[in-house]
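Here is the structure we will look at.
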Amino acid sequence: MKITDSDYKNHINNNNLYLKEYNYLYKTILWNSFNIEEATGYKIETICFSHNVIIDSRLVFKYDLNKLLNYYTDDIKSLNKNIKTINNSCYGPIFVGLPGPNFNGGDFAEQALELGASLCFINSDAKRFKSERIIIVDNPYKIIENLAIYNRKRFKGKIVSVTGSCGKTTLKDMISSCISKIESINNTSIHSDKFNNNIKDFRSDNIDYNNKINFYKNYFTNSEKDSSFKSLFKVFSSYRNFNNTIGLPLMLSNMHPENDYAVLEMGMNRKGEIANMTEIAQPDVTTITNIYPAHIGCFSSIQDIIEAKSEIFLGLNNGIAIIPYDTTGSLSLINTAEKNAKIIIIYGINVILNQELKDYLITKFNNKNRPTYIFCNAKIQNNNDNIYYSIKLEFFYINKNFISQNNIEKIKSKHKFFYKIKIPTEQTIINSIACLCSLYAVLLINYDDNQLINIIQQSSDYIKDFIPSLGRGGIVNGKIENTFIIDDTYNANPGSVEKAINSMILYKNIISYEMRLIVILGDMLELGSYSHQMHIDIINICCDSGINIICTFGKEYLNSATYLFGDDIENGKYIHNKNNKKIFIQSFSKINELFDFLKKEVKENDLILVKGSRSMNMQRIVDYLAEKIT
């Protein structure tokens, strides 16, 4: 029989709780039996209060009701006195057991209940357990999607979505962190941010589960807060890179409706995946970092990748699209965005509009229904500081006069900002521009010029000290004195590897011109028939960039290096690049042999880049260089 509102009241009264406390729980806790039933279409015949949705039973945890409920309100005092009378099984995470190729997550429903879940959704193929808190459903994946759709509908804030071939997660973290640091409009502080989620990261997916559970407790229930910090906006940001057709709906299912902003990441390796995600998320602003031949083995051409990434615009409903000027397929992206965006922001560094884009834009000015075009140009200014680089950022509203000018310096910008950045790598600079464009977009409608300038200036102050996280270009101190490791191990494609090499050169110029450069490259996967040539291209880029030592790991690089330099490449050899500089290169198939080489070769004042596809597990090499090498 379906539960009713009176059942809730009886439950509350039977546990000696004041009705006002129940009402507060009913309105504030993210999920209850009523809205779960409404979202999923399945009858929920048990009482349930939940604040998060989890798909890994090992991460289920019991709520600390004292902390959780005290966190939401300071006036629920009696709850502390009556906490022991609560039926704790009513309060806990929702567990959704997903069936997969190796096992059925629903088989762990009983474990999830024992750990503290208040409700479980499993399919009929999973092990059966007798419990009113286990709901048998046709498709558990659809449960997460429906929870996400329901939660999105009741969310009144703005959503920023991010995609691209590389830099997505770093940009997502940068945007959410910047918004969460804003303290005032017109320099007047507003209120404490109850739901602000400060993003942390793990160096490895193999982290101890106790640590991971503690992270989830803080991430989803915010049981620890910094009451000294005052923030204007409440921000939700997707955890790590939960960016696929499961991860994104899961994040939306965990997003609290009272947030002002949400920043979500969308990734893909098949056509149609982003279309599905953006339809659920319905973003207000979409930002693309770049387009490279990542996962090209799953596509027939780079144009297919452009089209798959441009699906992110399908969810816009008169929203704002932010597109990089100098990426592959930028004109195609702009053309697709026009169908759904009311404003298109095109951004780049030291840009001169090419004739193809000028001709394209001129044809649009006779169309009354065209979007507003804004051009964001960044200029890296002369650096008189050994630590920070200065950047001027200008926003121009594109009109016929703008297009007719060949020199952008002669045109007066609508808005102008100055900021500094500590790590002036190509990708970090691009991400900082895309970040400020995203903030500009979400603030453009609701604030006047003075407020917009003040808010963005506060955000740019935070960017100044932004450091990429480990796995995404962060620097680790090596165990050998004065060695530095660029940990870019999270993933790799040809574009991101080339950017990482360029960044390494910049790091060397900042730290010391005398540093020796070592690259350790793991195979780039999902490149299909393009793989051999693309690995050859990266080896040639390394040689031409003046790298001192090139180490490759994996059969793809081995095949390409053998093609270039002969069968003895596994023994190592010296070669000369086009500038006649001597370079040592060696390919490795076994990790222990690579460790032995590094133990003999790495010396003080070495700068080492480690990068490869995720499944190559290149993090092992960073850990060895940082903790074990002697």
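The values are calculated or read from the model by the stated rules, or taken from the named source; none is laboratory data. Please read these numbers as outputs of a predicted model, since none were measured by experiment. Positions of Cβ are backbone-derived with ideal geometry, glycine not excepted, and every protein chain shown enters the neighbour counts. Note: areas computed on protein heavy atoms with side chains; ligands, DNA, RNA excluded. Shrake-Rupley method; radii C 1.70, N 1.55, O 1.52, S 1.80 Å.
Things to note:
- Within the stretch 426-454, residues that are in a helix (DSSP H, G or I) sit with their Cβ atoms under 7 Å from residues that are of a type in the set (Asp, Glu), at 6+ positions apart or across chains, in these pairs: 442/284.
- Residue ID - nearest to residue 390 (Cα to Cα), chosen from residues in the stretch 465-485 that are part of a loop (DSSP other than H, G, I, E, B) and open to solvent by less than 20 Å² (accessible area, probe 1.4 Å): 466
- Any strands (runs of 3 or more DSSP E) falling wholly within the stretch 118-166 and containing at least 1 residues that are of a type outside the set (S, T, N, Q), at pLDDT 95 or above and under 23 Å from the mean Cα position of the chain (by Cα): 158-163
- When residue 593 is tested against the conditions (1) over 20 Å from residue 536 (Cα atoms); (2) acidic (Asp, Glu); (3) open to solvent by 30 Å² or more (accessible area, probe 1.4 Å); (4) touching a residue at least 12 places away in the same chain (Cβ under 8 Å), the lone failure is (4).
- Filter result for residue 378 (under 25 Å from the mean Cα position of the chain (by Cα) and farther than 29 Å from residue 509 by Cβ): no
- Among the residues of the stretch 579-590, the one identified as of a type in the set (Ser, Thr, Tyr) and open to solvent by less than 10 Å² (accessible area, probe 1.4 Å) is 587.
- Counted residues, the stretch 22-39 - those being farther than 15 Å from residue 257 by Cα, at pLDDT 90 or above and either assigned to a loop (DSSP other than H, G, I, E, B) or touching a helix residue (DSSP H, G or I) at 6+ places or on another chain (Cβ under 8 Å) (or both): 1
This table checks each residue for (1) surrounded by 22 or more Cβ atoms within 10 Å (Cβ to Cβ); (2) farther than 30 Å from residue 439 by Cβ.
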{"site": "110", "(1), (2)": "no, yes"}
{"site": "119", "(1), (2)": "yes, yes"}
{"site": "127", "(1), (2)": "no, yes"}
{"site": "143", "(1), (2)": "yes, yes"}
{"site": "155", "(1), (2)": "no, no"}
{"site": "174", "(1), (2)": "yes, no"}
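- Unmet requirement for residue 188, which otherwise passes all of (1) within 29 Å of residue 268 (Cβ to Cβ); (2) open to solvent by 40 Å² or more (accessible area, probe 1.4 Å); (3) modelled with pLDDT under 50: (1)
- Residue within the stretch 253-273 that is out of contact with any Leu (no Cβ under 6 Å at 6 or more places or on another chain), among the small types (Gly, Ala, Ser), modelled with pLDDT under 90 and crowded, with 19+ Cβ neighbours inside 10 Å present: no
- Restricting the first member to the stretch 486-515 and to residues that are assigned to a loop (DSSP other than H, G, I, E, B), and the second to residues that are acidic (Asp, Glu) and open to solvent by 10 Å² or more (accessible area, probe 1.4 Å), the beta-carbon pairs closer than 9 Å and six or more apart or on different chains are 493/526.
- In the set 521, 525, only one residue is closer than 20 Å to residue 166 by Cβ, hydrophobic (A, V, I, L, M, F, W, C) and at pLDDT below 95; that residue is 525.
- Residues being more than 32 Å from the chain's Cα centre (by Cα) and either farther than 25 Å from residue 496 by Cα or surrounded by fewer than 15 Cβ atoms within 10 Å (Cβ to Cβ) (or both) - total across the stretch 596-630: 9
- Within the stretch 296-315, considering residues that are of a type in the set (A, V, I, L, M, F, W, C) and under 24 Å from residue 147 (Cα atoms), the one surrounded by the fewest Cβ atoms within 10 Å (Cβ to Cβ): 314
- Those residues of the stretch 429-443 which are among the polar types (S, T, N, Q) and in contact with a strand residue (DSSP E or B) (Cβ under 6 Å, 6 or more places away or on another chain), in sequence order: 432, 438
- When residues in the stretch 463-489 are screened for being among the aromatic types (Phe, Trp, Tyr) and at pLDDT 90 or above, 1 of them pass.
- Checked against (1) in contact (Cβ under 8 Å) with a residue 12 or more places away in the chain; (2) open to solvent by 40 Å² or more (accessible area, probe 1.4 Å); (3) in contact with a Lys or Arg (Cβ under 9 Å, 6 or more places away or on another chain); (4) closer than 26 Å to residue 499 by Cβ, residue 576 passes all but condition (1).
- Condition met for residue 569 (more than 26 Å from residue 301 (Cα to Cα) and either small (Gly, Ala, Ser) or part of a helix (DSSP H, G or I) (or both)): yes
- The stretch 508-534, residues that are within 22 Å of residue 598 (Cα to Cα), of a type outside the set (A, V, I, L, M) and either touching an Asp or Glu at 6+ places or on another chain (Cβ under 6 Å) or open to solvent by less than 10 Å² (accessible area, probe 1.4 Å) (or both): 516, 522, 523
- Residue match in the stretch 555-562 (condition: open to solvent by 40 Å² or more (accessible area, probe 1.4 Å) and of a type outside the set (D, E, K, R)): yes
- Complete set of residues in the stretch 279-295 that are in a helix (DSSP H, G or I) and surrounded by 24 or more Cβ atoms within 10 Å (Cβ to Cβ): 281
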